[in-house]
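The values are calculated or read from the model by the stated rules, or taken from the named source; none is laboratory data. Since this is a predicted model, take the numbers as computed values, not measurements. Every residue, glycine among them, receives a Cβ derived from its backbone with ideal geometry; neighbour counts consider all protein chains shown. Note: accessible area is taken over every heavy atom of the protein model, side chains too, but ligands, DNA and RNA are not part of it. Shrake-Rupley method; radii C 1.70, N 1.55, O 1.52, S 1.80 Å.
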Amino acid sequence: MKKAILAGALLVSSTVMAGDLKVSLPKDLSIGVYGGLSAGYFYTTNPSEDSLQITNAILGVKSEGGVVSFDLAFGGSLWSTVYDGGQGDLMSVSVDSGGATDGFGLLWGYVSVSPTSSITVDAGVLTTNVGYELADTYTNPNITFGTTWFAQPFIYPGIRLTFSLNDNISFYAEYNQEYEADNFAVGSLGSLMGIDYALTYYDYGSAVGKNLIDVVLGTSFGGVDVAVNLDYQWLDDSAKAPGQDDDGLGVALYVIPSFGNLKLPLRFEYFDGGNSGIYDGEKGYSFTITPTYNFSDNYYVRAELAYINTDAKMFDNKDNRTTLAVEAGFKF
């Protein structure tokens, strides 16, 4: 997805001239651009709606090497879910509120400081380490986000300290202000015995009043990628109300078989938060299938069938919604 535009072996004395602008680059620094553009058609039931949408328009710049590096991305994403079926608006991130906002703008951006090979500090607008699905949705196996993702943290102003124990295991701690709350997280990322993992404890702080344990496991065998994302969430005592459920469980299973340039991503989900408010729809399940043809590493076209059923009649006074979508995209 990322394409280097300047080689990392530039001499210290190398310069780029543009009129009166003069930029000197250290020999160990490389700068690359990345991003993508995708668009699609969405049709949903309950109620019957359809829309033509830009789903991603992202341009990012990233540096690597040296003690200080950065990652900065602008544009907009639809961030459609099985709940809304792609009937929303293109969005970016509001630094002021620490949450999503309508229209084009900043998506993420942070500076990384690595005083040693094992320690990195990231500060700015961060993408979360929680969950399996990513913000640039053309890298996800499905067009829409699932119910498990919908109940997770996403992108926020914050600072993160990462300690790499070795090439396979790292630990991190972070403080962030998603939706202007004081949130904390600790976790570990890595790979053990052929299984990639991410484990996080996330404390939303007193302003939100809930906690999250997130586990992601993934592996591949025989041309099939398999991953599971498990969340357990519970409310603080201060956020509980009499007669209200105080915890919730969400699980998403991803099975992605490949047949040459053709992939057939499947997502199965179950969630149960009762009347706690942790999960929209209280209790339910979803199923998504997204046949995808990759013309190359850069071009793809895919279709999707997504179905969600909940205990709450939240879809035009019905308990289910079906989404049909087609998307084409370019990424680099």
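Of note, ILE256 does not satisfy the criterion of being farther than 20 Å from ASN142 by Cα, open to solvent by less than 50 Å² (accessible area, probe 1.4 Å) and either in contact (Cβ under 8 Å) with a residue 60 or more places away in the chain or assigned to a strand (DSSP E or B) (or both). Within the option set ASP247, ASP231, ASP196, being within 30 Å of TYR299 (Cβ to Cβ), touching a Gly at 6+ places or on another chain (Cβ under 9 Å), among the acidic types (Asp, Glu) and at pLDDT 95 or above holds for one residue only, ASP196. The condition (being within 19 Å of the chain's Cα centre (by Cα) and within 27 Å of VAL208 (Cβ to Cβ)) is satisfied by just one residue among GLY250, GLY281, GLY243, GLY274: GLY250. Within the stretch 148-159, the presence of a residue that is under 20 Å from SER191 (Cα atoms), at pLDDT 95 or above and open to solvent by 20 Å² or more (accessible area, probe 1.4 Å) is excluded. For the stretch 210-232, the condition holds for no residue, the condition being that it is open to solvent by 60 Å² or more (accessible area, probe 1.4 Å) and among the charged types (D, E, K, R). Report, by residue number, each residue of the stretch 45-65 that is open to solvent by less than 40 Å² (accessible area, probe 1.4 Å) and either of a type in the set (Lys, Arg) or in a loop (DSSP other than H, G, I, E, B) (or both). Within the stretch 45-65, THR45, ASN46, GLY65 qualify. Would you pick out the residues in the stretch 281-294 that are assigned to a loop (DSSP other than H, G, I, E, B), more than 30 Å from PRO242 (Cβ to Cβ) and in contact (Cβ under 8 Å) with a residue 40 or more places away in the chain? Within the stretch 281-294, THR290 is the sole residue that qualifies.
On inspection, LEU72 does not qualify as in contact (Cβ under 8 Å) with a residue 12 or more places away in the chain and open to solvent by less than 20 Å² (accessible area, probe 1.4 Å). Within the stretch 76-101, the set of residues being out of contact with any Lys or Arg (no Cβ under 9 Å at 6 or more places or on another chain), open to solvent by less than 10 Å² (accessible area, probe 1.4 Å), modelled with pLDDT of 95 or more and at positive phi comprises just one member, GLY86. For the stretch 92-196, the strands (runs of 3 or more DSSP E) that sit wholly inside it and include 1 or more residues that are in contact (Cβ under 8 Å) with a residue 60 or more places away in the chain and closer than 24 Å to TRP79 by Cβ are 99-102, 155-164, 169-176, 183-192. On inspection, ILE278 passes the criterion of being assigned to a loop (DSSP other than H, G, I, E, B) and crowded, with 21+ Cβ neighbours inside 10 Å. If you go through the stretch 248-298 and keep only what is within 14 Å of PHE145 (Cα to Cα) and of a type in the set (Val, Ile, Thr), you end up with VAL251, THR288, ILE289, THR290.
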